Amino acid sequence: MTAPVFLADAAALRASDVVVLDGDEGRHAAVVRRISPGETVELTDGAGQLARCVVVAASKQGLTCEVTDRVDVPEPRPRVVVAQAIPKGDRGETAVETMTEVGVDEILPWSAQRCMVRWTGERGDKALRRWRSTVREAAKQARRAWLPSVGDVVTTHALAARAGTAALTVVLHQEATEPLGALDLPTDGDILLVVGPEGGVAPDELDQLAAAGAVVARLGPTVLRTSTAGTVAAGIMLARTARWA
């Protein structure tokens, strides 16, 4: 079984061969996970630094870890970015959790025209914090050295601007004729996947994204929920890159 992963301060990982994991992360490791001396853990800063360690001491405040090996994990290329239309209820957290586990590098909450939920004020801030917390925990569960980012909410106009900078932008649409698995993929840059809301992507949104260079593709013969489409699409793309070779 692979060693559990915990997030640690970047400077601390570089400064010494003995790293103290304290704070909420350390207490979770020692009290909730019950990691004890002699066990192996991996510590990462979420930006490619990875330290393999043996726990030499544990208390209610955290762990003291002795570094046995250090690895600099290159940033995965190409990057997979998902613009996820904001769904209702807890489906958004399900989406970002599974997308993180499958390997997505960045998630953009998209306030699409047909979204039934609007993230405004404190409600929006709270929802965004939940997405980011969910991604953090899912990244550790998936043993990732690179923590995916969750950006601020984007409008369709901002999303179109982002599409113009991506190596490939794909809008998932059930009426498209081109299958996602048949698209030519870049070997570098960003692959931006656009997942619409339950009501679908509005025609003028499709026009804006197409004008920015996006292509339209379908996942398969069935229609998926917005909370699962991004994960499936990312898996299809990643399986065709060197990242999953």
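The values are calculated or read from the model by the stated rules, or taken from the named source; none is laboratory data. Every value quoted in this text rests on a predicted model; they were computed, and no experiment measured them. In this analysis, Cβ positions are derived from the backbone assuming ideal geometry, glycine residues included, and neighbour counts consider all displayed protein chains. Just so you know, the surface numbers come from the protein's heavy atoms only, side chains and all, with ligands and any DNA or RNA stripped out. Shrake-Rupley method; radii C 1.70, N 1.55, O 1.52, S 1.80 Å.
Taking all protein chains together and a probe of 1.4 Å, list E175, E122 from the most accessible to the least accessible.
Working: E175 145, E122 115 Å².
Largest accessible area first, the residues go E175, E122.
Pop out the carbon and sulfur fraction of the accessible area of the range 79-244 as a percent, whole number, probe 1.4 Å.
After summing per-atom areas, the C and S share lands at 51 percent.
In the chain, what percentage of the DSSP-assigned beta bridges are antiparallel, given to the nearest 5?
45
Every cysteine in the chain with no other Cys Cβ under 4.7 Å from its Cβ, please list them in numeric order.
Cysteines of the chain left without a disulfide-compatible partner: C115.
Give me log10 I(q)/I(0) at q = 0.12, 0.20 Å⁻¹ for the range 79-244, Debye formula, one equal scatterer per alpha-carbon, no solvent.
So the normalised log intensities work out to -0.46, -1.40.
With everything on Cα atoms, drop me the angle between helix 121-141 and the longest principal axis of the chain, reported from 0 to 90° to the nearest 10.
Computed tilt is about 60 degrees.
Which semi-axes, in whole Å and largest first, does the equivalent ellipsoid of the range 143-228 have when worked out from the alpha carbon gyration tensor as the square roots of 5 times its eigenvalues?
20, 17, 15
Hey, could you get me the Stokes-Einstein D for the range 5-72, Kirkwood radius over alpha-carbon pairs, 20 °C and 1.002 mPa s, rounded to whole µm² s⁻¹?
Translational D for this selection: 189 µm²/s.
Given N residues in the range 138-189, what is Rg(Cα) / (2.2 N^0.38 Å)?
My calculation over the Cα atoms of the range 138-189 gives 1.48.
Could you work out what % of the accessible surface of the range 5-72 is carbon and sulfur, using a 1.4 angstrom probe and leaving DNA, RNA and ligands out of the count?
Here it works out to 48 percent.
Compute the angle between helix 226-239 and the longest alpha-carbon principal axis of the chain, please, reported from 0 to 90 degrees and rounded to the nearest 10.
Long axis of 226-239 versus the principal axis of the chain: about 80 degrees.
Could you pull out every residue, at least 5 positions away or on a different chain, whose amide H is within less than 5 Å of the one on V171? Hs are placed 1.01 Å off N in the peptide plane, and Pro or chain starts have none.
V194, V215, V216, A217
Counting only heavy atoms of the protein chains, get the accessible area per residue of the range 5-72 (1.4 Å probe) and round it to a whole Å² value.
Details: 3450 Å² over 68 residues.
Using a 1.4 Å probe on heavy atoms only, each residue of the range 5-72 averages 51 Å².
Using only Cα atoms, what is the ratio of the radius of gyration of the range 41-139 to 2.2 N^0.38 Å?
1.38
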